[in-house]
Amino acid sequence: MSGAERQPEAALVRQALAPDLPRIVEIYNASIPSRCSTADLEPVTVRSRVAWFALHDPARRPIWVVEQAGGVLGWLSISDYYGRPAYHATVEIGIYLAPEAQGRGLGRRLLEHALAEAPGLGIRSMLWITFAENDASVSLATRYGFERWGLLPRVTELDGVRRDVEILGLELS
């Protein structure tokens, strides 16, 4: 090998498919013990997430996965913010990365993809709802223009600790 550094394999973002669901669940469950990314306290099952997955119509509210070296390392979901019709152009996003994929720019890659695709999905506003102390999420969101739109003080309790939830928002049009 020459002295040149090897370039990491490019990350591919694609639509999530039903066979990806077990890996999506595995990545999600890996985030639970940290108590930084989700308010779920116990692992979820693939079976319990089938209906959730089915609600994500690729033409309207997709789930995308990021692959590198042939394996799924993370995912981003776009979900309705609120079930009433007047909120149709506002969505909530969620990004989850496998522990071994964190800090490698894959969350950024997923977010860039979502921002590029959002206009074609009829999205005008994105919400990113996260624990206020989740520095990685807050940092990524603010780097892409999300601003603090709200703070819900002490609304969650994880292992006896009450935590704040921050609502970060981005207006796209």
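Rule-based calculations on the coordinates, nothing more; no lab input. Fair warning: this is a prediction, and the values are worked out from it, not measured in the lab. Cβ sites come from the backbone with ideal geometry, for glycine too, and all protein chains shown count toward neighbours.
Some notes on this structure:
- What the phi angles of segment 35-52 give under the Karplus curve with 6.51, -1.76 and 1.60, with θ = phi - 60°, is a coupling list of 6, 10, 10, 8, 8, 5, 9, 10, x, 9, 9, 4, 4, 6, 9, 4, 5, 4 Hz, glycine and proline written as x.
- Part-to-part distance (alpha-carbon centres) for segment 14-45 and segment 104-131, which is given in Å: 18
- Where N is the number of residues in segment 82-145, Cα Rg divided by 2.2 N^0.38 Å: 1.20
- Model label zone, CYS36; criterion: amide N under 13 Å from point 7 Å along Cα-to-beta-carbon; scope segment 101-128: 101-104
- Magnitude of the charge dipole, the chain, Cβ model with Lys/Arg +1 and Asp/Glu -1, debye to 20: 220
- For the pair GLU26 and ARG14 in one chain, pulling the backbone fully straight at 0.36 nm per residue adds 2.5 nm over the alpha carbon distance.
- Theoretical gain in end-to-end length, ARG124 to VAL155 [0.36 nm per residue, Cα-Cα removed]: 8.4 nm
- Highest-MSF residue in the chain out of ILE24, ILE123, ILE63 [GNM, Cα springs under 10 Å]: ILE123
- Between amide H atoms placed 1.01 Å from N, distances below 5 Å from GLY74 occur with VAL66, ALA98, all of them 5 or more places distant or on a separate chain.
- At R0 = 30 Å, FRET efficiency that the Cβ-Cβ distance of ARG108 and VAL50 yields, to 0.05: 0.55
- Percent of beta bridges antiparallel (DSSP, the chain, rounded to nearest 5): 90
- Relative contact order of segment 12-171, pairs being alpha-carbon contacts under 8 Å that are 6 or more residues apart, as %: 20
- Compactness index (Cα Rg / 2.2 N^0.38 Å), the chain: 1.06
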